[in-house]
Amino acid sequence: MASLEGKVALITGSASGMGKKTAQRLAEKGVKVVINDIVPEKVEQTVQEFAAKGFQVMGKVADICNATAVNEMVKDVVERFGSVDILVNNAGMERAGALRNLSEKDWDITLNVNLKGAFLCSQAVHGHMIEKGGGRIVNIASRAWLGGAGQAPYSSAKAGLVGLTRTWPWNWGGKG
Ligand SMILES: NC(=O)c1ccc[n+]([C@@H]2O[C@H](COP(=O)([O-])OP(=O)(O)OC[C@H]3O[C@@H](n4cnc5c(N)ncnc54)[C@H](O)[C@@H]3O)[C@@H](O)[C@H]2O)c1
């Protein structure tokens with residue numbers, strides 16, 4: 001396997017849970033990691049923890065549902081770390097419940113974080129990756145994409161994410 005040493009990885013929603021663990025595993029392999037999350041205190045705490053372990057880390061508080069914030073984040077990362085070689089679209093959340101109890105707001109936020117956020121972050125990094133000759137984008141979906149009780153927005157978002165992933169070879173095939 002090719003060495004990951006010195007690569008730059010942006011992991012969304014990485015101030016806790018699976019994203020934080022992913023960032024840690026990458027940092028242990030010498031990857032410079034960007035901790036993105038929407039909760040500033042959690043970003044600060046994770047950056048401090050990682051820095052204390054000797055990892056190369058930077059924190060970026062940004063809402064991945066906001067195109068302007070995402071583009072600024074990617075610009076800052078490229079300025080400071082020189083690249084974005086790996087993007088892990090990890091940030092996610094779920095509003096579950098019986099269909100009649102789910103609000104429009106529940107639908108919008110679930111689709112926005114799980115699906116639109118991955119679209120915006122991928123769009124923001126792909127030009128840079130192609131210029132550099134390639135990159136890696138990893139989308140964290142869920143078995144829930146197949147459907148689940150009370151999971152209308154979440155399942156729809158994750159199914160959308162699988163569909164989005166499957167469009168990328170059509171757009172970027174042969175470009176690394
Ligand atoms: N935990 C599981 O069992 C499980 C199973 C299947 C899939 N997944 C998926 O794995 C991913 C991580 O799950 P987790 O359990 O670690 O979740 P988590 O709730 O522990 O972490 C998600 C992180 O995303 C952040 N976040 C939420 N909205 C954001 C936004 N708009 N912008 C930036 N960051 C935002 C949250 O603050 C949080 O720190 C999600 O995409 C989830 O759907 C999780």
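Checking every residue in the stretch 30-39 against the condition of being away from the ligand (no atom under 13 Å from the Cβ), assigned to a loop (DSSP other than H, G, I, E, B) and not polar (S, T, N, Q) gives at least one match.
Checking each residue in the stretch 1-41 for being surrounded by 22 or more Cβ atoms within 10 Å (Cβ to Cβ) and hydroxyl-bearing (Ser, Thr, Tyr) picks out Thr12, Ser14. Evaluating Leu87 against the criteria (1) closer than 21 Å to Gly163 by Cα; (2) assigned to a helix (DSSP H, G or I); (3) touching a Leu at 6+ places or on another chain (Cβ under 7 Å) leaves one unmet condition, (2).
Residue selection: Val47 satisfies the criterion of being among the β-branched types (Val, Ile, Thr) and without any contact (Cβ under 8 Å) to a residue 24 or more places away in the chain. Of a type in the set (Lys, Arg), within 18 Å of the chain's Cα centre (by Cα) and either surrounded by 13 or more Cβ atoms within 10 Å (Cβ to Cβ) or away from the ligand (no atom under 14 Å from the Cβ) (or both): does that describe Arg136? So Arg136 fits the description; yes.
Given the criterion outside any helix (DSSP H, G or I), closer than 24 Å to Lys132 by Cβ, more than 14 Å from the ligand (Cβ to nearest atom) and not hydroxyl-bearing (Ser, Thr, Tyr), identify the matching residue among Ala2, Ala27. Explain how you work it out, then say what you get.
Working: Ala27 fails: outside any helix (DSSP H, G or I).
Going through Ala2, Ala27 in turn, the sole match is Ala2.
Values quoted throughout were computed directly from the atomic coordinates according to the rules given, and no laboratory measurement underlies them. These numbers come from a predicted model, not from an experiment. Positions of Cβ are backbone-derived with ideal geometry, glycine not excepted, and every protein chain shown enters the neighbour counts.
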